[in-house]
1. One residue is enough: does segment 61-75 have a residue meeting the conditions crowded, with 19+ Cβ neighbours inside 10 Å, modelled with pLDDT of 95 or more and not small (Gly, Ala, Ser)?
2. If the requirement is being more than 30 Å from GLY97 (Cβ to Cβ) and either under 11 Å from the mean Cα position of the chain (by Cα) or outside any loop (DSSP other than H, G, I, E, B) (or both), which of these qualifies: VAL33, VAL71?
3. Scan segment 41-50 and tell me whether some residue there is within 26 Å of GLY119 (Cα to Cα), under 13 Å from the mean Cα position of the chain (by Cα) and in a loop (DSSP other than H, G, I, E, B).
4. Out of PHE81, PHE123, PHE116, which single residue is more than 19 Å from LEU42 (Cβ to Cβ) and either part of a helix (DSSP H, G or I) or within 14 Å of the chain's Cα centre (by Cα) (or both)?
5. For segment 1-30, which positions are among the acidic types (Asp, Glu), assigned to a helix (DSSP H, G or I) and surrounded by fewer than 14 Cβ atoms within 10 Å (Cβ to Cβ)?
Amino acid sequence: MERTVGFSITYKRDDPYDNRELSEMPDVRLWFVRLDAMYPWLPVVLDWRAGELARYAAMLVPHQMSFKLGVVFNPEALELFILNKVFVVYSWLLHLGFPEPKARLKATDMARMLGFGIGDELFHLLLDHPVPPSHHPHI
């Protein structure tokens, strides 16, 4: 996976004095919910170094904006988002034929980029209970 994806969003605001971040605007977030429903594996190909993974998460996970800290995610919602993405990404990469250690590393790195550590125990559990082929996220 050498190629990465980023987003360039042009959004015309009704109120020129509206200084909310795009991730705080329901109209914009709705399109990201749809995007995530259609392509649940999308975080794999985002440009993490450019901050696209965090930006993507901000579109989907409830958060507050802080002048001091920036985006402050709801911790429980972020944990659920990350676990969902780990399950999707790991099984999708295995389905595509990636070696298990590489799929595990990619899923672990993704979680780490958002501040979570994922232990090997979770991946052992997933290997012991694989997803049937008919349930893999569409490509």
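The values are calculated or read from the model by the stated rules, or taken from the named source; none is laboratory data. Everything numeric here is computed off the predicted structure, so don't read it as measured data. Every residue, glycine as well, gets a Cβ built from its backbone with ideal geometry; the counts of neighbours run over all protein chains shown.
1. There is at least one residue in segment 61-75 that is crowded, with 19+ Cβ neighbours inside 10 Å, modelled with pLDDT of 95 or more and not small (Gly, Ala, Ser).
2. Result: VAL71 is the single residue among VAL33, VAL71 that is more than 30 Å from GLY97 (Cβ to Cβ) and either under 11 Å from the mean Cα position of the chain (by Cα) or outside any loop (DSSP other than H, G, I, E, B) (or both).
3. Checking segment 41-50: at least one residue is within 26 Å of GLY119 (Cα to Cα), under 13 Å from the mean Cα position of the chain (by Cα) and in a loop (DSSP other than H, G, I, E, B).
4. On the way: PHE81 fails: more than 19 Å from LEU42 (Cβ to Cβ); PHE116 fails: more than 19 Å from LEU42 (Cβ to Cβ).
The unique qualifying residue is PHE123.
5. ASP27
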